[in-house]
Amino acid sequence: MSRIRSATIEHEGGMRFVATTGSKRTIVYGETPTAGELSPMETVAVSLGACSAMDVVAIAVKKRQVISAYRIHVEATQRDEYPQVLTLAIVTHEVEGPVVEEAAIRRAIELSATKYCPVNAMLSAGATEVHHRYVVRNTGPEPFESEGEVVVTGPYRRPDVIA
């Protein structure tokens, strides 16, 4: 079964546009961050991080990980030539908690990047190379910190064969 995602974008003058999604959410796009306007390409980078984060949290909970802090850092490189697509994205998952295992977090990130996150799949099917990294801090009885790269997806990898 397919889902339909929809939006109506209305021009409000200058470079300001207001999008209303099918679920009645609104997003304001434009060139003035101080007016709460967002950049379309920044929101693509944010969507990549948010999509993966939602997967990782859901998987980690199923793996009985106890997370007290979770931050996603996304750094995306956009080429100067038109079309100005993203060519590289580095997604760093920073996970902290009293019961976090490096292997469990790595696996959650891998599953998100290769199977579940549709934003990652779409970007990886195009010109974007996506690196998923992690920093894990266990604050429990035997504390440790570990970091590394989990997986690289894209560019030009079809979403149905990424896994």
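Computed from the coordinates by the stated procedures, all read-outs in this text should not be read as laboratory data. These figures come from a predicted structure and were not determined experimentally. Reconstructed Cβ throughout: ideal geometry from the backbone, glycine too, with neighbour counts over all protein chains shown.
Observations
- Interchain or long-range residues, amide H under 5 Å from residue 151's placed H: 132
- Within-9-Å neighbourhood charge of residue 71 [Cβ basis; K, R +1; D, E -1]: -2
- Local net charge near residue 38, Cβ-Cβ under 12 Å (Lys/Arg +1, Asp/Glu -1): -2
- A simple rule links phi to the HN-Hα coupling: the Karplus curve 6.51 cos²θ - 1.76 cosθ + 1.60 with θ = phi - 60°, which for the range 3-14 gives 9, 9, 10, 9, 7, 10, 10, 10, 6, 10, x, x Hz, with x for Gly and Pro.
- Kyte-Doolittle at least 0.0, axis length at least 20 Å by Cα - qualifying DSSP helices, the chain: 40-62
- Additional length obtainable on full extension of the chain from residue 144 to residue 28, 0.36 nm per residue less Cα span: 37.6 nm
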